[in-house]
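As structure tokens, the structure follows; a few thoughts come after it.
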Amino acid sequence: MPGAAVDDERSEPVVVTVDGEGTGWLILNRPAVHNAFDDTMIAGIGEALHRLAGDRRVRTVAIRASGESFSAGADLNWMARLAAASQDDNVADALALARMLDTLDRMDKPTLAIVQGPAYGGGLGLIAACDVAIAADTARFALTEVRLGLIPATIAPYVIAAIGARQVRRYALTAEPFDAAEAMRIGLVHRVVPAADLDAAARSVLALLAAGAPGAQAAGKALIRSLTGRPVDEAVMLETAQGIAAARASAEAQDRIAAFLARRRKQQDPR
């Protein structure tokens, strides 16, 4: 399974590969600095997401990291440089991260975060913006921004959506680290496995995601975004009714239903 890229002066901060199973791998590749984000890495992640979104070979997208850490969040040398920049430059820089996370959150294809080690600050935003997240039992997490006089601003919408405002109020204000079991309890990750089993668990999730109908998955993701936080009123009922009606009439659904019925008939009459 991809993930063993080597960080040196010639290597790219983001490595992208596509395997024979249709998984596009986006690998954070700055292990010497614990895969901390800077402007170059953020731009690289955004470009990689756009490439994978437009690649017809890709059915699922998996994000993982080289080295011991998933991501330490913001690169402090980069933060120090930005302190001397203008307000307009700082806003533009922060918008690049916000737009990268939005691209990940809105991607039509299913996304999986594979967390092998510590994930802090912006690393949590990346995990929260994925559809599914799994972690090794040795992983650790924290929203550390307040320790540096910062706030988890651009990642907040995704972290709040993942674990709820109440949990964010605790962890964003205390900056205390929490383990993988707690990350699963509060909803940041969906599954925790022994570190030695992480690759196998990732393959299992990717196989399940690849078995779904691509159009239905894209429409389902859009529907969830549309419905989140809205009351169930006449407009919502109409929108959902129109959604299932359109899905029923799609060629994708017709083909898959016909194939399912054919398999069932064969099982009932194996002659």
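The values are calculated or read from the model by the stated rules, or taken from the named source; none is laboratory data. Every value quoted in this text rests on a predicted model; they were computed, and no experiment measured them. Note that each Cβ is placed from the backbone with ideal geometry, even for glycine, and that neighbours are counted across all protein chains shown.
Just a few scattered comments:
- The stretch 117-135, residues that are part of a strand (DSSP E or B) and within 26 Å of I224 (Cβ to Cβ): A119, V132, A133, I134, A135
- Only listed residue being assigned to a helix (DSSP H, G or I), over 20 Å from V115 (Cβ atoms) and at pLDDT 95 or above, chosen from A218, A201: A218
- For the stretch 150-183, a tally of residues being more than 21 Å from I114 (Cα to Cα) and either in a helix (DSSP H, G or I) or acidic (D, E) (or both) returns 11.
- For the stretch 95-116, the count of residues that are part of a loop (DSSP other than H, G, I, E, B) and more than 19 Å from the chain's Cα centre (by Cα) is zero.
- Subset of the stretch 97-128 that is of a type in the set (G, A, S) and out of contact with any strand residue (DSSP E or B) (no Cβ under 8 Å at 6 or more places or on another chain) - its residue that is surrounded by the most Cβ atoms within 10 Å (Cβ to Cβ): G125
- The stretch 182-240, subset acidic (D, E) and not assigned by TED's automatic domain parsing to the domain that holds A161, residue surrounded by the most Cβ atoms within 10 Å (Cβ to Cβ): E239
- The stretch 212-245: number of residues that are under 17 Å from R256 (Cβ atoms), among the small types (G, A, S) and free of Cβ contacts under 8 Å to residues at least 24 places away in the same chain: 2
- Residue count for the stretch 13-65, restricted to those that are small (G, A, S) and farther than 28 Å from Q217 by Cβ: 2.
- Looking at the stretch 1-83, the strands (runs of 3 or more DSSP E) lying wholly inside it that each contain 3 or more residues that are farther than 30 Å from L148 by Cα and in contact (Cβ under 8 Å) with a residue 24 or more places away in the chain sit at 23-28, 60-65.
- For the stretch 129-165, the set of residues classified as within 21 Å of W78 (Cβ to Cβ) and basic (K, R) consists of R147 only.
- Of all residues making up the stretch 136-146, the number that are part of a strand (DSSP E or B) and touching a residue at least 60 places away in the same chain (Cβ under 8 Å): 1
- Residues that are among the small types (G, A, S) and within 8 Å of the chain's Cα centre (by Cα), drawn from the stretch 126-139: A128, A129, A133
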